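In what follows, a single structure is set out as structure tokens and then discussed.
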Amino acid sequence: MNTTGYRVTYTLLALVLLSIIGGSILFIPSGDPETLPAAVERYAPRDGDIVINPISVMIDVAPNYQVRFVIDGTPIPESQVDSIVEIGRYEFAPGPGKVIERWTPGNHTVVATWSGGIAGTDVETLVWTFRVQ
């Protein structure tokens, strides 16, 4: 192939690459960031996440809030939740002797309900689902 053939080939490849990048920017949805309730700083795994065992369910709320978990319809006793109330971190990991001993493959729904705020009147709920592979 002569020099002109290489130039044409590289020019066409550059145009294809630019059109792929441009199409990605224009047509792939960027999505809106999730809006969390005011008391929630973060939670994990995120809604719609696909995870691999072992995994723990965690939520960070404003300091001095109380959180209760219900996972797949099963209330999680406070004694089985690792919590640091002063910083608002609550975490549940399945294990032997707990109401959920291990995650089964499939979807799991978490309902986290918290209370606190001024005079303990702020009561809200966050529901999310994740999938264990």
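Here are the numbers for this structure:
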quantity: Neighbour net charge for Ile59 - beta-carbon separation under 10 angstrom, K R +1, D E -1; calculated: -1
quantity: Contact order relative to length of the chain, as percent, for alpha carbon pairs under 8 angstrom and 6 or more apart; calculated: 24 percent
quantity: Environment charge at Thr109 (Cβ cut-off 14 Å; Lys +1, Arg +1, Asp -1, Glu -1); calculated: -1
quantity: Ranked Thr113, Thr125, Thr4, criterion: other C-beta atoms within 10 Å, fewest first; calculated: Thr4, Thr125, Thr113
quantity: Net charge contributed by nearby residues that have their C-beta within less than 15 Å of Ser83 (K/R +1, D/E -1); calculated: -3
quantity: Rg followed by Dmax, in Å, when segment 40-132 is reduced to its Cα trace; calculated: 12.9, 41
quantity: Cα-centre dipole for the chain with unit charges at Cβ (Lys and Arg positive, Asp and Glu negative), debye to 20; calculated: 620 debye
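FYI, it's all coordinate maths here, none of it is from the lab. Quick caveat, the model's predicted, so the values are computed rather than measured. Note that we place each Cβ from the backbone using ideal geometry, even for glycine, and neighbour counts take in every protein chain shown.
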